[in-house]
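The values are calculated or read from the model by the stated rules, or taken from the named source; none is laboratory data. Just so it is clear, the model here is predicted, and its values are computed rather than measured. In this analysis, Cβ positions are derived from the backbone assuming ideal geometry, glycine residues included, and neighbour counts consider all displayed protein chains. When the accessible area is computed, the model is the full protein with side chains, heavy atoms only, and any ligands, DNA or RNA have been set aside. Shrake-Rupley method; radii C 1.70, N 1.55, O 1.52, S 1.80 Å.
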Amino acid sequence: MFLSVLPVTGADPGPVTLEDAHESATNAASWVEQNWSTWLSIGLRVLLILVIAVVLRVVIRRAITKLIDRMNRTVQAVDGTALGGLLVNVERRRQRSQAIGSVLRSVASFLILGTAALMVLSTFQINLAPLLASAGVAGVAIGFGARNLVTDFLSGVFMILEDQYGVGDSIDAGVASGEVIEVGLRVTKLRGDNGEIWYVRNGEVKRVGNLSQGWSTAGVDVTVRPSEDLDRVRATLTEVAERMAKDEPWNEQLWGPIEVLGLDSVLIDQMVIRVTAKTMPGKSLGIERELRWRIKRAFDAAGIRIVGGLPLQQAEESADPTAGVSAPSAYANTASPQSMAASPIPPTNLTK
């Protein structure tokens, strides 16, 4: 038998004998035989956790997708009816539902996969207490450092869920106003009246005025002379309203009849008559301009005069431009008797 020589520091190890190799293999085989059941149990447990997590994630994501599709089908069924006109359009609801579905799917995936990862680590008998404590401290630090980001994100989620506004709406967000061209979870992008683009953080929006939901009101004030016949004025306005309600495209933009409400105010030199109509959202300004145009032409044809600005009497007077100029004074002419009488007496020569 050969004796094995212990290796010395700095020297090459001695030759490995057949008995040593056999003993090492025997020890490894016995160690594997003792622990293979534990390994198999851990592997099966990890595999089961991963399979359940994947299946649960797929099922939940598919359920969310079906829910979003059902919402879209409901909106498409309502669109085109009288009720659909008061609701938002299909494209906007589709974008909103897609944003909600994306958020829900991301949250579900994060929760399921995060829980599965923690369960896998616990299967390997890893102490999760230090990891969870470190994650808690890191979460608190990130929460304090990025509190504005968290506020913007949560505000954006609730804005989308509550359907406060969507792409294509004209809104007044307090800090800026304009047409919404993009809605994000952190920032809302608006296009102003002059073409500028505003990036508004969702956390800074304290109140929102949506000018595109429901319906709008078009109002026109008609000012006439107090001597006009009110019945004749009302008949002319009613004729204009009926004719405009039948013409295209105004018949589609008007969601109600144009009403002559009556006298809004009566003054000494003028009367104000109020005309209103319920219109499609965002179309009130165009209808007001067209209504003023038609009223002016109808009044001109009927001989009804529209007044405003300066008082009527002052506007009708054709005053002489020299009427307000006073007559020249007689004292301006040095040769006039008045000027001669008022001139001082020259001193006499007392020298003899």
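Descriptive notes on the structure:
- Take the stretch 149-205 with all the other protein chains still there, run a 1.4 Å probe, and you get 52 Å² of accessible area per residue.
- Stretching the chain fully between ASP69 and LEU154 yields a gain of 28.2 nm (0.36 nm per residue, less the alpha carbon separation).
- Each label was represented as a point 7 Å from its Cα along the Cα-to-Cβ direction; for VAL55 and GLN98 these points are 3.3 nm apart.
- Whole-number accessible area per residue in Å² for the stretch 218-271, which is evaluated in the context of all protein chains at 1.4 Å: 59 Å²
- Per-pair calculated FRET efficiency, R0 = 30 Å: GLU182 and ARG289 via Cβ, rounded to 0.05: 0.50
- The stretch 157-177 residues near the modelled ARG207 label - backbone nitrogen below 14 Å, point 7 Å along Cα→Cβ: 172-176
- Placing a pseudo-label 7 Å from each Cα along the Cα-to-Cβ vector at SER24 and ARG225 gives an inter-label distance of 12.1 nm.
- Across the stretch 120-132, rounded Karplus estimates of 3J(HN,Hα) from the backbone phi angles (6.51 cos²θ - 1.76 cosθ + 1.60, θ = phi - 60°) give 5, 5, 5, 5, 7, 6, 8, 6, 8, 4, x, 5, 5 Hz, Gly and Pro being marked x.
- For the listed residue pairs LYS66/LYS189; LYS189/LYS283; LYS206/LYS283; LYS189/LYS246; LYS206/LYS278, the alpha carbons are over 31 angstrom apart in LYS189/LYS246.
- Ordering PRO257, LEU190, ALA245 by the projection of their Cα atoms onto the charge dipole of the stretch 169-286, which places +1 on the Cβ of Lys and Arg and -1 on the Cβ of Asp and Glu, puts LEU190 at the extreme positive end.
- Rounded to whole numbers, the Karplus 3J(HN,Hα) couplings from phi for the stretch 193-200 are 5, 8, x, 6, 10, 9, 9, 10 Hz, using 6.51 cos²θ - 1.76 cosθ + 1.60 with θ = phi - 60°, and x at Gly and Pro.
- As a fraction of the 1.4 Å probe accessible area of the stretch 146-198, surface on carbon and sulfur atoms comes out at 53 percent.
- In the context of the full protein assembly, ILE304 retains an accessible surface of approximately 10 Å², using a probe radius of 1.4 Å and ignoring ligands and nucleic acids.
- Distant-in-sequence amide H partners of GLU182 (H built 1.01 Å from N, under 5 Å): LYS189
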